[in-house]
1. In the set Ala62, Ala71, which member is touching a helix residue (DSSP H, G or I) at 6+ places or on another chain (Cβ under 6 Å), over 15 Å from Leu121 (Cβ atoms), at pLDDT below 85 and among the aliphatic types (A, V, I, L, M)?
2. Which residues, counting only those in region 138-153, are open to solvent by 70 Å² or more (accessible area, probe 1.4 Å), at pLDDT 90 or above and polar (S, T, N, Q)?
3. Return the pairs, sorted by first residue and then second, in which the second residue is not β-branched (Val, Ile, Thr) and not in a loop (DSSP other than H, G, I, E, B), the first residue lies in region 102-126 and is under 16 Å from Leu174 (Cβ atoms) and open to solvent by less than 80 Å² (accessible area, probe 1.4 Å), the beta carbons are less than 7 Å apart, and the residues are 6+ apart or on different chains.
4. Could you tell me how many of the residues in region 1-48 are assigned to a loop (DSSP other than H, G, I, E, B), modelled with pLDDT of 75 or more and among the aliphatic types (A, V, I, L, M)?
5. Any residue in region 151-168 that's free of Cβ contacts under 8 Å to residues at least 24 places away in the same chain and more than 15 Å from Arg109 (Cβ to Cβ): show its pairings with residues that are open to solvent by less than 90 Å² (accessible area, probe 1.4 Å) and outside any loop (DSSP other than H, G, I, E, B) at Cβ separation under 7 Å, as long as the two are six or more apart or on different chains.
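The values are calculated or read from the model by the stated rules, or taken from the named source; none is laboratory data. None of these values were measured; they are calculated from a predicted model. Note: ideal-geometry Cβ built from the backbone for every residue, glycine included; neighbour counts use all protein chains shown. For the accessible areas, the whole protein counts, side chains as well, though only heavy atoms, and no ligand, DNA or RNA atoms are used. Shrake-Rupley method; radii C 1.70, N 1.55, O 1.52, S 1.80 Å.
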Amino acid sequence: VPFVLCSGGSLSCCYCGRTMAAPEACPSCGSADFLFRAPGIEMATREVSRLLPEARVATVTADCALTGTPAPGTIVIGTRALLGAVWPERLRIVAALALDAEICLPDFRARERAFQMLSALSRRATACGAALLLQTRRPEDTAVQCATRRDVAGFLDQELRVREELEFPPFRRLA
């Protein structure tokens, strides 16, 4: 399991909570040329705070419920942990990062789960009076498109067509 590089320069395990100082160089090859790929919640929070200095920004991660200032007008940034968190009553914006990774899993039900998750976030954001911003690498995917439009019938029609064509349940038993 890879460690997560936190803004304070420490490495953290998302499963057990173990933390340690980040090394100056790779322990195997000695190179100091690290490639930092995923921007993550901390970087998104810093950028929002920089661009909107008057905004109250809160984050939701798997290891903590809600950090920041959970007051009305807050901008909340998080991953799938957003679904289990308690949100303030009146939000401005909910920014969901990397939620569409579920679509890429090798399971015929993956797009259905992604659609359910994105739809639930959309409903919760609307109930709080917030706009939902979704970071996605697959904006053209039917699960993303239908969830953001709240088009349950459109998603089900398309998903059932694909499952029938590929002979997946409910059109064929797998075991």
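1. Every option except Ala62 fails the conditions.
2. Once the filter is applied, which keeps residues that are open to solvent by 70 Å² or more (accessible area, probe 1.4 Å), at pLDDT 90 or above and polar (S, T, N, Q), region 138-153 yields only Gln145.
3. As it stands, the answer is Phe108/Arg163; Ala110/Glu102; Glu112/Glu159, since those pairs meet every condition given.
4. Of the residues in that region, 3 qualify.
5. Gly154/Cys146
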